[in-house]
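The values are calculated or read from the model by the stated rules, or taken from the named source; none is laboratory data. Only a predicted model underlies this, so the values are computations on that prediction, with no experimental measurement involved. Because the Cβ atoms are built from the backbone with ideal geometry, glycine has one as well, and the counts that use them run over all protein chains shown. The area values use the complete protein model at the heavy-atom level, side chains included, leaving out ligands, DNA and RNA. Shrake-Rupley method; radii C 1.70, N 1.55, O 1.52, S 1.80 Å.
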Amino acid sequence: MAARPDRLLAGSPYPLGATYDGLGTNFAVFSANASGVDLCLFDQQGRREIARLPMPEHTDEVWHGYLPDSPAGLVYGYRARGPYDPQRGHRFNPHKLLLDPYARRLAGSLKTVEALYGYRVNSARGDLSFDRRDSAPAMLRGVVTSELFDWADDRPPNIPLADTVIYEAHVRGLSMLFPGLRPRERGTFAALGEPAVIDHLRRLGITAVELMPVQAFVQDDHLLQKGLRNYWGYNTLGFFAVEPRYLSNGSTDEMRVAVRRLHAAGIEVILDVVYNHTAEGSELGPTLAFRGLDNASYYRLLPDNPRHCINDTGTGNTLNLSHPRVLQMVMDSLRYWVTSYHVDGFRFDLGVTLGRESNGFDPGAGFLDAVRQDPVLSRVKLIAEPWDLGPGGYQLGQLPPGFSEWNDKFRDGVRRFWRGDEGHRAILADCVAGSSPIFERRGRRPYASINYVASHDGFTLLDTVSYAERHNEANGEDNKDGHSENFSANWGVEGPTEDPWVLELRGRLQRAMLATVLLSQGTPMVLAGDELGRTQNGNNNAYCQDDETSWIDWSSAASPDGRTLSAFTARLIALRRRHSVLRCSHYLHGREEIVPGIRDIDWFDEMGDPLTPEAWKNPLAHLLTVRRAGRESDGSAAILTCFFNADSEDHDFRIPGPLPARLLIDSAAPHDPERDLTDDKVSVRARSVLLVRSVVAAEGG
C-alpha cells in the first residue's frame, strides 16, 4: 500500500461521516462554531494515535477532507478547536478525542476516567475550568466501514398495521438463556437469527419484533460503581452503529443476517430508537462527541443561561432537533437503518421531545413533518412514546397522522378493570373499540393505538397479578425508583406461592388480559416472555439488571403453565388473524347495520340487554358483552361476541343473537376446543373472557 499522505485532500462536504469509495475515504463532520477540526488516525489496534491531520476545507459549516489510499477498517476520531466559553454554550477542548456522530462501527471501550471531561472535575470553578489531559486512551473510536452486503431477494414483509402483532424484546435478554445456543452467540444478533428462536415467534404468530435499543450506547458510571449495568440501552452515543456487545463476531453483517432471516419468516423488525438525548448527560457530563464538536448547536440550552442544558428528557440533555444539521443527522440515521439494515420501522423513545420547538410540543414540529414527507421513512412503521418529562409532556393522541402511539391508558384501564376497580366498564369498552375518543381525528385509524398490558417499563404480565408493590431493592435506590402505582394485585400472597387457588386465579387473569389485548381494535403488543409467564420478581424498573432478573427463562416454556400460556397466546393470535372484524382498519360506532338488526358494534349487559346511559355509569358493574359484526369476502356476515367477567363470581351471560353460535375460546378453559353451543346462554368464570361466533349467510347464499 502506498504511504499515507501527511495531509488531506479537499474532499467533499457530502455525505457526512466517513465514506469509503474503494480508493480512499472522505471525511465530513458538522460544526458551526469550531475554528478548526483535526482528523486523528490510529493504528489497527486503535491504541496509538499515528496521525493528526487538520481538515483542509470548511463548506457550509461542514469540515471535510479526503484521505487517498485509506482502507476500510481505518480507526479514527476527531478533535475540535474553538472557544471554551460555557457561559455562551461553547465547550471546545482539543485535548478530548471525539467520536464521529456518523461512525458506523466502534472500536475500543469507554473507560470512565476524569480525562473524559472537558473541565477539571474537582475544580472549585466546576465546569468553567478547563482540563488539558488527553482523553484518547479512554475513548471509543470510529471505524471506516464498507457497506457491501448481499441481500439477495430480501423483501420487507410490508404487513399492514391492522394485521400486525408486535413482540417487544431485548436482543440480549431474549437469548441469554435460550437452550442449544453456542455461548459466544448468546445475547447477540446471531442468536436472534437462529431458526429455533424464529420458530418460536412463528408458532406464536408474531408479525413484528420490536427490539429495545441496539444503537451503540454507553454504560452509566454510577451504575458501574454499584456493580450494575445499563441493560435497557437508552443511553445512545452512536446513532449509526450497532451496539458491539450484540455482535458475536464483531461484524455488523450479523445484524443484517438476522433481519434477512426474520424477513424470510414473514417477521418485521422495528427498532426502539433514542434521538431525544445522548449519553453525554448534562453540562457536567463527559465530552465524548456532540459536546466537543458543537455543544451550542447539538443541544437545547437555556436561552437566558446557555451554560446549562434544557432537560426535558430527565437524562441531563435534550437534542436540538430545531437545528437543521441536527435534524439532518437524525434523518440520515433513520434512513441508514432502513436502507443498510432493511429494518421495517421505529419506536421513538420519548417521542414528545422530538416534537418540541421553542414554544413546547408542536404536532407540526420540523422533525415530525420531515419524517412524514420523507420518501423512505414515511413508508415504514412509525411508533411514538407520546410523553416526556418536560412541560406539557403528556401528549397521548396528539401525534400527527402517520404515527402510532403506545397507549398507556389502555394498559392502565385493562389492568384496573380486571383487578375489579369500580367504574371501569366504560373504560374497558373504549379500549376494546380502539380508544376512539383519543385517536379518532385527522383520518387516524384504530391501529394508531398500540395496545399492551405490559412492556419493558414496568411489571411483566405475571408480576402484575403477583405483586401489589414494586420490589426494586436490587437497583440500589432504596426501592424508590420505578412506578409507584402499577394497578396490580397479588391476590392474597405477595410474590411466589404454592397455593393452588391463587395460582389458578393468576393464570386466569393473565389469559384474560392477553385476550383483551388481542381481541381489541388497535395494534396489539406482547412483552417477550409474557407468553411463558416470565417474572422479574416484582422489579418494575429492571433497567440495570443484566442478569436472570431480565433474561427470559426458557425452561418455563417446558412447564405445564408455560406450555398452556404459550399455546393460548398463539390461539388468540390465530383467531385475530382469522377474523377480520377483530382487526378492523376503521372505527366502529354502531351506526352501520351489517345485517338487519345487527350493527357493526353493540354493547350489552349479562342479560343480553343493550346498555343504557344509566347502566354505563354504574360504578359497580364488572360485566360486559361486546358484539362486533363485519362482512366476509364471500358476502356473509361474521358476528363475534366477547363476554368479559371481571367479577369475583361466575356469571351466566345471554348471547344477544344471532343463533346458533360457536364457542371459539374460553380463557378459563384454555385447552377446550371450539364447539357449537346448544342454547342461548354461556357460563363465564370469574375474571375470564369468552369469544363466540355466529354467521349470517349472504343473501341468496
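Quick rundown of the values:
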read-out: Yes/no for L620 being within 24 Å of D647 (Cβ to Cβ), open to solvent by less than 30 Å² (accessible area, probe 1.4 Å) and at pLDDT 95 or above; value: no
read-out: Search result, residues across segment 15-42 that are crowded, with 21+ Cβ neighbours inside 10 Å, over 34 Å from the mean Cα position of the chain (by Cα) and in a loop (DSSP other than H, G, I, E, B); value: A34
read-out: Criterion (touching a helix residue (DSSP H, G or I) at 6+ places or on another chain (Cβ under 9 Å), open to solvent by 20 Å² or more (accessible area, probe 1.4 Å) and outside any loop (DSSP other than H, G, I, E, B)) met by exactly one of A638, A615; value: A615
read-out: Qualifying residue in segment 260-271 (condition: of a type in the set (A, V, I, L, M), farther than 24 Å from T549 by Cα and part of a loop (DSSP other than H, G, I, E, B)); value: yes
read-out: Selection count where residues are open to solvent by less than 100 Å² (accessible area, probe 1.4 Å) and either touching a Lys or Arg at 6+ places or on another chain (Cβ under 6 Å) or free of Cβ contacts under 8 Å to residues at least 12 places away in the same chain (or both), scope segment 43-52; value: 2
read-out: Test: residue in segment 490-498 that is closer than 29 Å to V626 by Cβ and in a helix (DSSP H, G or I); value: no
read-out: Selected residue (criterion: farthest from P658 (Cα to Cα)) from residues of segment 566-593 that are buried (at least 18 other Cβ atoms within 10 Å of the Cβ) and either of a type in the set (G, A, S) or without any contact (Cβ under 8 Å) to a residue 60 or more places away in the chain (or both); value: S566
read-out: Enumeration of residues in segment 281-294 that are assigned to a helix (DSSP H, G or I) and either surrounded by fewer than 18 Cβ atoms within 10 Å (Cβ to Cβ) or of a type in the set (G, A, S) (or both); value: G292
read-out: Answer residue from segment 158-178, given it is charged (D, E, K, R) and open to solvent by 10 Å² or more (accessible area, probe 1.4 Å) and is farthest from N451 (Cα to Cα) among those; value: R172
read-out: Whichever residue in segment 431-458 is open to solvent by 10 Å² or more (accessible area, probe 1.4 Å) and of a type in the set (S, T, Y) and, among such residues, is farthest from V414 (Cα to Cα); value: Y447
read-out: Those residues of segment 426-448 which are out of contact with any strand residue (DSSP E or B) (no Cβ under 7 Å at 6 or more places or on another chain), of a type outside the set (K, R) and not in a helix (DSSP H, G or I), in sequence order; value: E440, G443
read-out: Unique match (being surrounded by fewer than 22 Cβ atoms within 10 Å (Cβ to Cβ) and either free of Cβ contacts under 8 Å to residues at least 60 places away in the same chain or over 19 Å from the mean Cα position of the chain (by Cα) (or both)) among G187, G227; value: G227
read-out: Among the residues listed as D647, D602, the single one being surrounded by 15 or more Cβ atoms within 10 Å (Cβ to Cβ), part of a strand (DSSP E or B) and in contact (Cβ under 8 Å) with a residue 12 or more places away in the chain; value: D602
read-out: Set A72, A51: member being at negative phi, hydrophobic (A, V, I, L, M, F, W, C) and assigned to a strand (DSSP E or B); value: A51
read-out: Of all residues making up segment 503-543, the number that are hydroxyl-bearing (S, T, Y), buried (at least 24 other Cβ atoms within 10 Å of the Cβ) and part of a helix (DSSP H, G or I); value: 1
read-out: Residues satisfying the stated conditions in segment 247-280, i.e. open to solvent by 10 Å² or more (accessible area, probe 1.4 Å) and of a type in the set (K, R); value: R260, R261
read-out: Number of positions in segment 459-471 that are open to solvent by 40 Å² or more (accessible area, probe 1.4 Å) and part of a helix (DSSP H, G or I); value: 0
read-out: Options A115, A107: the member that is open to solvent by less than 50 Å² (accessible area, probe 1.4 Å), of a type in the set (A, V, I, L, M) and more than 23 Å from C309 (Cα to Cα); value: A107
read-out: Residues being in contact with a Pro (Cβ under 7 Å, 6 or more places away or on another chain), open to solvent by less than 50 Å² (accessible area, probe 1.4 Å) and not aliphatic (A, V, I, L, M) - total across segment 650-701; value: 1
read-out: Residue in segment 231-242 that is outside any strand (DSSP E or B), of a type outside the set (S, T, N, Q), surrounded by fewer than 18 Cβ atoms within 10 Å (Cβ to Cβ) and touching a Lys or Arg at 6+ places or on another chain (Cβ under 9 Å) present; value: no
read-out: Single residue of segment 401-416 satisfying the filter (among the charged types (D, E, K, R) and more than 18 Å from the chain's Cα centre (by Cα)) that is farthest from G522 (Cα to Cα); value: R416
read-out: Residues located in segment 472-502, provided they are in contact with a helix residue (DSSP H, G or I) (Cβ under 9 Å, 6 or more places away or on another chain), farther than 29 Å from A668 by Cβ and either open to solvent by 70 Å² or more (accessible area, probe 1.4 Å) or in contact (Cβ under 8 Å) with a residue 12 or more places away in the chain (or both); value: N472, A474, N475, G476, D481, G482
read-out: Failed condition for S556, given (1) farther than 24 Å from N451 by Cβ; (2) open to solvent by less than 50 Å² (accessible area, probe 1.4 Å); (3) not in a helix (DSSP H, G or I); value: (3)
read-out: Single residue of L461, L382, L428, L377 found to be among the hydrophobic types (A, V, I, L, M, F, W, C) and closer than 30 Å to G227 by Cα; value: L461
read-out: Residue check for I427: out of contact with any Lys or Arg (no Cβ under 6 Å at 6 or more places or on another chain), in contact (Cβ under 8 Å) with a residue 40 or more places away in the chain, surrounded by fewer than 22 Cβ atoms within 10 Å (Cβ to Cβ) and β-branched (V, I, T); value: no
